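Written out below as structure tokens is the structure these notes cover.
The values are calculated or read from the model by the stated rules, or taken from the named source; none is laboratory data. Here the structure is a predicted model, which is why all the values come from computation and not from measurement. Because the Cβ atoms are built from the backbone with ideal geometry, glycine has one as well, and the counts that use them run over all protein chains shown.
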Amino acid sequence: MTSSQTTTRGLHALGVACGLAAGAWLGAAEAPTKLVSLGLSPFVISLAMVAGVFSARWTLPTVMKGSGYVFHDLRQKPHLIVWAVLAGALWAVANTLTVFAIRDVGLSIAFPLWNTNSLVGVFWGWFFFRELRGAGAATWAKVLGGATAIVAGAILLGLASSHGGGESHRSGAGVLAALGAGMLWGTMYVPYRKAYLSGMNPLSFVTIFTVGELITVSVLAWVFQGGVSALADELTLARPALFWLFLGGFCWVIGDLFQQYATKYIGIGRGIPLSNTNQLWGLAWGVLVFGELAHLEGAARVSVVVGSLVMIAGAVAISSAVAPSEELSHCVAAMERECRRYGLDRQQLESALRGEDPLNAEVAARRWWDALIVTMAVGVFGWLATGTARPPLVMNLAWASALLVATLLLLLGAGWLLWRRTRFS
């Protein structure tokens, strides 16, 4: 095996580890949205989560690299700022749709439906960034077979949502909301891949990404809640739950950062389906912690389980397709296109895509305000915690504890691999 093949396989393994960790944390982040079942507005829930996302997207990059590194990276690639804001806007709309979907069809059913974003991501990866161009028949078979399995699983879960229980009169709207979220999230990955083919660090990208998120969800909440006064009243009523929603947004960012690294190192078509193992975690939270399938009859319950397993198998098939050298040459052509279009340094881009960090030597030491950013985030968490209350939801605390331990172990394992191989590049 040549040095180049060893590097490719090593980065593929790193991308897979990041994708698995992303799945666990993205799944855990959706658990607080169960509060919609208590009558809280979906827009208020989304706004509170995005507030946590905003805090995390500034705090975590500051802790990991420092704000000086982030701003230096952005100054070198200013053309990507608008793409990051656009991606954040798409995320905000999609996240709001997921809250409606959870309200109408439940977490365990909505999760797999919006994970059809992997199909959208595979298409955009092929269409815009030459992923799978030049790949052999075996690789194409894995990708197309996996895509077919994902569609089949989504159909099974959609059919299961029509079987009794809960708000059945709104199940159609819930399915459409989940599929709409999947379409928007699948398209959101186009700016992701564009950023990493231009050599931007994921930590820099998400810092600007969150500006688009916060602006968009604030406008949505303001318009659909009837103005600033009505929105303020809703937030006051939701005060005991804000800590949990804020925490959910913070957890989402941890998952999204791993997903960003997976996208960087193994591409959209592979990284996104792998991170969509969050469906398994969403099912676990919905079923084991919140008992969502208790109201379903035998056939519907079997449909949910089988559909989930089929979708997971499809995601695994897609993500296991290691890019051959012919495909990698097409991806290099996509990188060269970005270099020509924006006048970027090709050598620096190639270094970044190998997991190296060419900016480290150019950035000064951490700034004094880095500590202030972290302190402010901790202070907000502390303030929200003082007015919180245990959600009045029926939960299995033993299973909740077990799932939390598992997600923390994945965080430590994948985080250590990422640090050892790339220093969070």
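Can you confirm whether residue 56 is within 17 Å of the chain's Cα centre (by Cα), buried (at least 19 other Cβ atoms within 10 Å of the Cβ) and either more than 22 Å from residue 219 (Cβ to Cβ) or modelled with pLDDT of 85 or more (or both)? Criteria not met by residue 56. Scan the stretch 47-79 for residues that are hydrophobic (A, V, I, L, M, F, W, C) and more than 16 Å from residue 425 (Cβ to Cβ) and the total you get is 10. Could you tell me which residue of the stretch 356-378 is surrounded by the most Cβ atoms within 10 Å (Cβ to Cβ), considering only residues that are under 23 Å from residue 421 (Cβ atoms) and at pLDDT below 80? Only one residue tops the list, namely 359.
Residues being surrounded by 23 or more Cβ atoms within 10 Å (Cβ to Cβ) and either at pLDDT 85 or above or farther than 30 Å from residue 315 by Cβ (or both) are represented in the stretch 77-85 by at least one member.
Hey, any hits in the stretch 388-395 for a residue that's part of a helix (DSSP H, G or I) and more than 19 Å from residue 72 (Cα to Cα)? Taking every residue of the stretch 388-395 in turn, none turns out to be part of a helix (DSSP H, G or I) and more than 19 Å from residue 72 (Cα to Cα). For the stretch 352-375, a residue qualifies if it is part of a helix (DSSP H, G or I) and either in contact (Cβ under 8 Å) with a residue 12 or more places away in the chain or of a type in the set (Lys, Arg) (or both), and the qualifying residues are 352, 353, 360, 362, 369, 370, 373, 374.
The criterion of at least 2 residues that are farther than 27 Å from residue 318 by Cβ and under 22 Å from the mean Cα position of the chain (by Cα) is met, among helices (runs of 4 or more DSSP H) falling completely within the stretch 238-301, by 239-266.
Here residue 108 fits the description: crowded, with 24+ Cβ neighbours inside 10 Å and at pLDDT below 75. Applying a threshold of 6 Å to beta carbon distances and a minimum spacing of six or more residues, or different chains, the list of pairs starting in the stretch 217-232 at a residue that is under 18 Å from residue 93 (Cα atoms) and ending at one that is of a type outside the set (Lys, Arg) and not in a helix (DSSP H, G or I) reads 231/225. Residues that are of a type in the set (A, V, I, L, M, F, W, C) and buried (at least 23 other Cβ atoms within 10 Å of the Cβ) within the stretch 120-131 comprise 122, 129, listed in sequence order.
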